1. List pairs: first residue in the stretch 230-249 and farther than 27 Å from Ala168 by Cβ, second residue in a loop (DSSP other than H, G, I, E, B) and of a type in the set (Phe, Trp, Tyr) anywhere in the structure, Cβ distance under 9 angstrom, at least six positions apart or on different chains.
2. Select from the stretch 51-75 the residues that are surrounded by 13 or more Cβ atoms within 10 Å (Cβ to Cβ) and aromatic (Phe, Trp, Tyr) and write down the one among them that is nearest to Gly11 (Cα to Cα).
3. In the stretch 110-159, how many residues are touching a Leu at 6+ places or on another chain (Cβ under 7 Å), of a type in the set (A, V, I, L, M) and within 22 Å of Glu239 (Cβ to Cβ)?
4. Could you tell me which of the residues Ala83, Ala90, Ala166 is modelled with pLDDT of 95 or more and either under 19 Å from the mean Cα position of the chain (by Cα) or surrounded by 20 or more Cβ atoms within 10 Å (Cβ to Cβ) (or both)?
5. With (1) under 16 Å from Ile170 (Cβ atoms); (2) part of a loop (DSSP other than H, G, I, E, B) as the list, and Lys108 as the residue in question, which single condition is left unmet?
6. Can you find even one residue in the stretch 284-293 that is touching a residue at least 12 places away in the same chain (Cβ under 8 Å), in contact with a Ser or Thr (Cβ under 8 Å, 6 or more places away or on another chain) and among the aliphatic types (A, V, I, L, M)?
7. Pull up the stretch 137-168, narrow it to residues that are assigned to a loop (DSSP other than H, G, I, E, B) and of a type in the set (Gly, Ala, Ser), then point me to the one that is farthest from Tyr205 (Cα to Cα).
8. Anything in the stretch 40-76 that is small (Gly, Ala, Ser) and within 22 Å of the chain's Cα centre (by Cα)? List them, or say none.
Amino acid sequence: MTEQHVIVTGGAGYIGSLLTGELLRLGNRVTVVDSLLYGGESLVPFIAHPNFHFAKADVAESRSLRDALPRGWQKPAAVFHLAGIVGFPACQSVGKSVAWRYNVEATKNVFEQAHSLGATRFLYASTYSVYGTPEGDATLSEESSLNPQSLYAETKVAAEEFLGPAGAVIFRLASLFGLSPRTRFDLTVNQFVLDAFLRRELLIYQRGYSRSFVHVRDVVAALLLGADAPNAAYNLGSETGNFTKDQLVAFVIKRMPETIVQYKNLTFGGDRRDMPTISFEKIRHELGFKTTLSVDDGVRELVNALRFGLIRNPLDEHYRNARFIVQ
């Protein structure tokens, strides 16, 4: 994707800030639409770039994209829709009506505006939590039935049900980790590293549960590939399979051996924390996508960033508050 005008909603966020940088590097003009709920420091490096334009706006508003367009630029060729309320704790906190407004109605609104503006590509960040708790132990593919177990997953399924027939590239993201210009520490791997670094202790719940993980930079690479992909849903994660919490702890201990680990037998409501095995064969076969960064790579970079003081005040709500996170 080069030399086109692209809109990124939620462009100041965890994924969006990295994606914005890559789009600019490839020679595109980029308009970021973001409400800046957690500030805009991640966008500061782009302010002077001649191909960067920012618009502070709420994506739920009817003209959020239309009013964001800079004069003299061509109409957008593609829209990456990343803005939304991310995760079941955040959705439960704000309640169903708010979660539905920002994850479902706002998605429809952004898509309809994109279509009216002539955008030919619409790319959407969903979650593999849409699969919920399947029957049996079969590996799940994009053709498997959706069985959402939380409000967050329900909103993503509802958005997908609209976008699928309308025409969009949908990515069902595995659990993310790694550094970005707006690093999140409410994610499992990142939070393990932060807790071990600050407290020299890890308190682990649901010890035997496992999930698939993918580095945020690999997610950005997949999103870029999606700009030339057919409209379809793609599971986006690592071909290395699921990792248990004990395996994640081992990666942390490798970098910070002084860490004390304690376990508690406590479960939480909402999304199933123990995810089934997900197939990522479709995105590998059809888009040629392959992950480049392992969980161990992510732990290493996070530990180094914290040790060198590259992340200022990581416990600030700007990084850690999980009530209302924009990706």
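The values are calculated or read from the model by the stated rules, or taken from the named source; none is laboratory data. No experiment lies behind these values; they were computed from the predicted model shown. Reconstructed Cβ throughout: ideal geometry from the backbone, glycine too, with neighbour counts over all protein chains shown.
1. From residues that are farther than 27 Å from Ala168 by Cβ, the pairs are Thr244/Tyr209; Lys245/Tyr209.
2. Of everything passing the filter in the stretch 51-75, Phe54 is nearest to Gly11 (Cα to Cα).
3. Going through the stretch 110-159 one residue at a time, the tally reaches 3.
4. Result: Ala83 is the single residue among Ala83, Ala90, Ala166 that is modelled with pLDDT of 95 or more and either under 19 Å from the mean Cα position of the chain (by Cα) or surrounded by 20 or more Cβ atoms within 10 Å (Cβ to Cβ) (or both).
5. (2)
6. Of the stretch 284-293, the ones touching a residue at least 12 places away in the same chain (Cβ under 8 Å) are 284, 286-293.
Right, trim to in contact with a Ser or Thr (Cβ under 8 Å, 6 or more places away or on another chain) and you get 291.
Subsequent filtering for residues that are among the aliphatic types (A, V, I, L, M) retains none.
No, every residue in the stretch 284-293 fails to be touching a residue at least 12 places away in the same chain (Cβ under 8 Å), in contact with a Ser or Thr (Cβ under 8 Å, 6 or more places away or on another chain) and among the aliphatic types (A, V, I, L, M).
7. Applying the first criterion (assigned to a loop (DSSP other than H, G, I, E, B)) to the stretch 137-168 yields 137-139, 141-150, 167-168.
Restricting the remaining residues to those that are of a type in the set (Gly, Ala, Ser) gives 138, 141, 144-145, 150, 167-168.
Values: Ala138: 26, Ser141: 28, Ser144: 29, Ser145: 29, Ser150: 19, Gly167: 40, Ala168: 37 Å.
My answer is Gly167.
8. Within the stretch 40-76, the first condition is being small (Gly, Ala, Ser), and the residues that meet it are 40, 42, 48, 55, 57, 60, 62, 64, 68, 72.
Passing the criteria: Gly40, Ser42, Ala55, Ala57, Ala60, Ser64.
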